[in-house]
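Peer 1: Before I ask anything, here is the structure I am working with.
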Amino acid sequence: MIYATTQFGSAAGIAAIGAVFFGVLAKTAAAKDAYADAMGAALWCVLGVFLLVAAMSGCLPRRGGTAGGPVAPL
């Protein structure tokens, strides 16, 4: 189940970033730096998602318990 979820997440992420890239490319196709603008927009989206996930990782439970306490389930 974890492998299927990982593959789905990877495919959905690639599709979303591709949609951003090609959406910006379609709007700026006549511009000289259309590909650079589209790549910049896609990279900003990737950076935003990375920072969001990094901030949310603090909400995950800590592995292990306190001294003498129960171990957190995986």
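The values are calculated or read from the model by the stated rules, or taken from the named source; none is laboratory data. All figures in this text were calculated on a predicted structure; none of them were measured in a lab. Neighbour counts run over all protein chains shown; Cβ positions are idealised from the backbone, glycine included.
Peer 1: Is there a residue being more than 22 Å from S10 (Cβ to Cβ), surrounded by 10 or more Cβ atoms within 10 Å (Cβ to Cβ) and at pLDDT 95 or above anywhere in the range 40-57?
Peer 2: Yes, because at least one residue in the range 40-57 is more than 22 Å from S10 (Cβ to Cβ), surrounded by 10 or more Cβ atoms within 10 Å (Cβ to Cβ) and at pLDDT 95 or above.
Peer 1: Take the residues in the range 1-14 that are surrounded by 10 or more Cβ atoms within 10 Å (Cβ to Cβ) and small (G, A, S); name whichever of them is nearest to D37 (Cα to Cα).
Peer 2: G13
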